[in-house]
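**Student:** Okay, here's the structure, questions in a sec.
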Amino acid sequence: MFLNETPVLSVRDLVVRFGEGCPACLNHQGSMEKNRCAHCGTVWAANKVSLDVYPGEVLGVVGESGSGKTTLMRSLYFDFPPTSGKALLRDYKDGQKNIWKASSAKQRMIRNNIMGMVYQNPVMGLRMNYSAASNIAEKIIAAGSRNAGQMTYRAKELLTAVEISTSRMGEAPRNFSGGMQQRVQISKALANNPALLLLDEVTTGLDLSVQARVLDLIRKIKALYGISILLVSHDLAVIRMLADRTIVMLDGSIIESGLTDQILEDPQHAYTQQLVHSLL
């Protein structure tokens, strides 16, 4: 379906380690309690994580809290530097240069032009005291545009796409419901036509009816813009609805991957079997 195409994103051997490590955990000598070293207390939040995201694909990442899902996403968006590993973007240096080795200026360019991020907590992705339109404009300005008319047009276009009335574009997100805040975040993330959208637990904490509307919106956005999406969730129902392929994470590592239907209908790993059983 996608695998003959050049990936939009390739990640190889991502390691995010909190702590210096010791000979026992650095040499993988069986000292781990889940993803924490029993000897030195070092936490391996991501341990040799590799994945590809292809054009137009939704890749789901599922796992329990602490499995490494959010660590993966926030590393990709430069919220903190990984310990080691390589990430290549098709639209940066023709996919030949590790984005984690890029300068701060280049990383800001990547954040503002090639990737968009929607956080679980809208406070992390929005300026709550700015208007919805100003949040979108901020992203456009960060990419180098200064044309006020174009920014206003783009804000109207994107807010309409996420089903927020343009009559409310002058209101601050602090006045909006949680579901509306997530929709403003999505519109901001799309401001500069990114090749890759990172969605981190975007429905967690929302009422079921609001969750359904946000998920329908994501499907609509994918169809409208043909964007590639890396979708993190602990909820397999969300993954079932949206993801073409799925990887399953546990204790900082990928334990299973495949087509979403395959993962849900014939899980191989005991933990994945438990997850699927809990969904049924």
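**Student:** I need a count of the residues in region 1-44 that are part of a strand (DSSP E or B), out of contact with any Phe, Trp or Tyr (no Cβ under 6 Å at 6 or more places or on another chain) and touching a residue at least 12 places away in the same chain (Cβ under 8 Å).
**Tutor:** Summing the residues that are part of a strand (DSSP E or B), out of contact with any Phe, Trp or Tyr (no Cβ under 6 Å at 6 or more places or on another chain) and touching a residue at least 12 places away in the same chain (Cβ under 8 Å) in region 1-44 gives 12.
**Student:** Moving on to the next point. State the number of residues belonging to region 75-85 that are farther than 16 Å from Gly116 by Cα and open to solvent by less than 40 Å² (accessible area, probe 1.4 Å).
**Tutor:** 2
**Student:** Continuing with this model, one more query. Within region 216-230, track down each residue that is more than 21 Å from Thr70 (Cα to Cα) and either open to solvent by 10 Å² or more (accessible area, probe 1.4 Å) or among the small types (Gly, Ala, Ser) (or both).
**Tutor:** Asp216, Arg219, Lys220, Lys222, Ala223, Leu224, Tyr225, Gly226, listed by residue number.
**Student:** Quick one: Asn129 ticks every box in (1) in contact (Cβ under 8 Å) with a residue 40 or more places away in the chain; (2) crowded, with 21+ Cβ neighbours inside 10 Å except a single one, so which number is it?
**Tutor:** Unmet for Asn129, out of (1) in contact (Cβ under 8 Å) with a residue 40 or more places away in the chain; (2) crowded, with 21+ Cβ neighbours inside 10 Å: (2).
**Student:** Let me ask something additional. Which condition number does Thr203 fail, the rest of (1) surrounded by fewer than 21 Cβ atoms within 10 Å (Cβ to Cβ); (2) farther than 25 Å from Ala142 by Cβ being met?
**Tutor:** With respect to (1) surrounded by fewer than 21 Cβ atoms within 10 Å (Cβ to Cβ); (2) farther than 25 Å from Ala142 by Cβ, Thr203 is out only on (1).
**Student:** Here is a further query. Could you list all residues from region 142-167 that are open to solvent by 70 Å² or more (accessible area, probe 1.4 Å) and part of a helix (DSSP H, G or I)?
**Tutor:** Gln150, Tyr153, Lys156, Glu157, Thr160, Ser167
**Student:** Let me ask something else. If you scan region 1-30, which residues turn out to be open to solvent by less than 90 Å² (accessible area, probe 1.4 Å) and closer than 14 Å to Gly252 by Cβ?
**Tutor:** If the condition is that a residue be open to solvent by less than 90 Å² (accessible area, probe 1.4 Å) and closer than 14 Å to Gly252 by Cβ, then Val11, Asp13, Leu14, Val15, Val16, Arg17, Gly19, Gly21, Cys25 are the ones that fit.
**Student:** Could you tell me whether Leu259 is under 28 Å from Ile186 (Cβ atoms) and in contact with a Leu (Cβ under 6 Å, 6 or more places away or on another chain)?
**Tutor:** Criteria not met by Leu259.
**Student:** Something else: Tell me which of these Glu138 doesn't satisfy, since it passes every other one: (1) of a type in the set (D, E, K, R); (2) within 30 Å of Asp13 (Cβ to Cβ); (3) surrounded by 15 or more Cβ atoms within 10 Å (Cβ to Cβ).
**Tutor:** Here Glu138 clears every test but (2).
**Student:** Among Arg240, Arg213, which is touching a residue at least 24 places away in the same chain (Cβ under 8 Å), over 16 Å from the mean Cα position of the chain (by Cα), part of a helix (DSSP H, G or I) and over 21 Å from Glu64 (Cβ atoms)?
**Tutor:** Going through Arg240, Arg213 in turn, just one is touching a residue at least 24 places away in the same chain (Cβ under 8 Å), over 16 Å from the mean Cα position of the chain (by Cα), part of a helix (DSSP H, G or I) and over 21 Å from Glu64 (Cβ atoms): Arg213.
**Student:** I'd like to verify a number: residues in region 86-109 that are assigned to a helix (DSSP H, G or I), polar (S, T, N, Q) and surrounded by fewer than 16 Cβ atoms within 10 Å (Cβ to Cβ), how many?
**Tutor:** Looking only at that region, the number is 1.
**Student:** So, one more: If I filter region 119-132 for residues that are assigned to a helix (DSSP H, G or I), under 22 Å from Leu51 (Cα atoms) and either more than 19 Å from the chain's Cα centre (by Cα) or not β-branched (Val, Ile, Thr) (or both), do I get at least one hit?
**Tutor:** Scanning region 119-132 turns up no residue that is assigned to a helix (DSSP H, G or I), under 22 Å from Leu51 (Cα atoms) and either more than 19 Å from the chain's Cα centre (by Cα) or not β-branched (Val, Ile, Thr) (or both).
**Student:** Among the residues of region 71-108, count how many are within 24 Å of Leu26 (Cβ to Cβ) and among the hydroxyl-bearing types (Ser, Thr, Tyr).
**Tutor:** Matching residues across region 71-108 total 4.
**Student:** Kindly indicate which of Ser233, Ser209 is open to solvent by 50 Å² or more (accessible area, probe 1.4 Å), more than 30 Å from Gln150 (Cβ to Cβ) and out of contact with any Phe, Trp or Tyr (no Cβ under 8 Å at 6 or more places or on another chain).
**Tutor:** Ser209
**Student:** For region 162-210, enumerate the residues that are among the polar types (S, T, N, Q) and either more than 16 Å from Met117 (Cβ to Cβ) or free of Cβ contacts under 8 Å to residues at least 12 places away in the same chain (or both).
**Tutor:** Ser165, Thr166, Ser167, Asn175, Ser177, Ser209
The values are calculated or read from the model by the stated rules, or taken from the named source; none is laboratory data. These numbers come from a predicted model, not from an experiment. Positions of Cβ are generated from backbone atoms using ideal geometry, with glycine treated the same way; all protein chains shown enter the neighbour counts. Just the protein is used for accessible areas: all its heavy atoms, side chains included, with ligands, DNA and RNA removed. Shrake-Rupley method; radii C 1.70, N 1.55, O 1.52, S 1.80 Å.
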